[in-house]
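K.L.:
I have a structure here, written as structure tokens, and I will follow up with some questions on it.
Here, each number is a calculation from the coordinates, and none is a lab measurement. Since this is a predicted model, take the numbers as computed values, not measurements. A quick note on method: Cβ atoms are made from the backbone with ideal geometry, for glycine too, and the neighbour counts reach across all protein chains shown.
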């Protein structure tokens with residue numbers, strides 16, 4: 001499977017899981033929001049309806065309290081036993097006079113009355129049958145024990161002929177100052193006025209019903225089966241496209257039941273939900289398109305990088321990757337191009353070194369003579385010099401033979417430091433005849449260092465450089481070369497000091513970097529640069545040559561080597 005397919009599959013799966021999870025959470029939250037909204041709305045409508053009716057009750061309670069506490073005209077009149085018709089007429093006139101003063105106080109009051117325990121009915125305005133009222137009062141169990149209590153009775157028809165008005169009675173017990181029940185104060189409200197007031201805040205086509213604690217219907221504009229009375233409070237349900245809820249007013253022991261058409265409440269809400277779903281679907285599709293484009297963009301760039309790597313592995317070293325952006329892929333492209341450039345540079349460097357190596361080998365072959373033939377010839381010269389008692393020729397030739405033997409030891413890259421110093425002594429012995437002994441060489445090498453292993457021919461080119469370039473031009477002092485060794489633990493430092501004419505910084509750089517500075521007077525074509533390169537080739541960059549020089553005074557070349565020990569046979573054991 002390609003990385004593009006993997007990216008598309010991964011992002012699509014993540015989006016599907018995320019979208020499904022979001023949809024489930026959004027769906028549940030939406031249902032909870034709708035439920036909460038509907039309950040709050042219906043509860044608020046019913047509460048507003050009750051609040052609209054509560055101020056009527058407040059005024060009605062005030063009137064009933066005035067009637068039930070009127071000691072002069074009502075309490076004493078009800079306490080007095082009427083013996084004659086005149087007394088009864090005066091009592092009625094006095095009570096109905098008080099009632100008449102309060103009648104018309106509010107537009108929604110249709111009538112006011114006082115009912116005694118004997119059934120006497122004193123009233124002004126419209127009234128309902130006293131028998132029905134007394135019967136319902138008995139069911140309410142109103143007594144002097146809670147004489148302050150008021151009760152809203154069931155709606156009743158008006159007893160006046162020709163009137164179709166319905167009344168809503170509200171009663172309060174009347175008790176004497178001694179606490180004896182004397183009768184009831186009654187206020188009849190205009191039922192149609194109350195119905196209009198309660199229905200004012202209801203949505204169109206709503207069902208509304210008010211029942212008291214006994215289950216009697218106080219008000220209803222719905223069919224009998226639209227509501228089922230229940231003792232549970234705040235019932236919320238959805239039936240027949242109607243949302244039903246219930247509100248209980250504990251102050252008057254009434255239940256407000258309401259059914260609101262679902263379309264009235266959910267119409268705008270459902271439109272909002274649909275628009276939200278459409279917007280979410282559009283966002284999801286847009287995100288999916290972005291994911292597809294992003295996957296294509298990433299996979300395309302990775303494909304270009306992969307193709308370039310394949311070409312590189314096939315040997316195409318000229319391949320490059322266009323670098324665009326500073327992201328990880330762009331950095332990989334930059335790194336890849338840098339790697340290809342480094343490979344080409346390394347190949348070019350290897351080719352150059354191989355060319356230089358072949359040229360050096362050719363130069364060496366062209367200059368090489370048969371060392372064994374030369375050695376045998378020189379041995380003959382030594383034999384003849386001894387016969388003729390030419391001791392100086394014998395010494396010179398012996399030193400040359402020793403030096404030639406050191407060059408013929410092929411296969412040994414490392415020798416003991418003592419052997420390297422012997423080679424130097426043979427070389428110096430030869431040079432003394434050339435310079436007529438105008439220089440001296442001092443060796444300061446501790447005996448414990450003589451068994452350490454060092455690369456072959458690292459001292460001879462340096463000493464030769466001093467004898468050829470530094471000492472011959474001295475006129476004011478004897479030439480001096482000092483070879484010393486110093487070490488603590490590591491590394492080994494070998495210093496070659498001469499008191500010659502010194503070198504400038506440019507000459508030092510030339511000695512270390514220029515491999516073509518060869519003198520015709522030199523014993524071999526190995527120069528200082530060659531020594532430095534061989535040491536670094538063997539041991540790495542920390543080791544090699546350093547040159548310090550003062551013009552006209554002296555020069556010191558320091559060779560830094562690791563400490564290499566040997567066993568008794570002279571084999572290399574370890575390297576510190």
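K.L.:
Using only the alpha carbons of the stretch 69-194, determine the length spanned along each of the three principal axes and report them from longest to shortest in whole angstroms.
P.N.:
Taking the Cα atoms of the stretch 69-194, the three principal extents are 38, 32, 25 Å.
K.L.:
May I ask you to order 273-283, 540-550, 121-131 by the average number of other C-beta atoms within 10 Å around their residues, highest value first?
P.N.:
My ranking of the peptides, most packed first, is 121-131, 540-550, 273-283.
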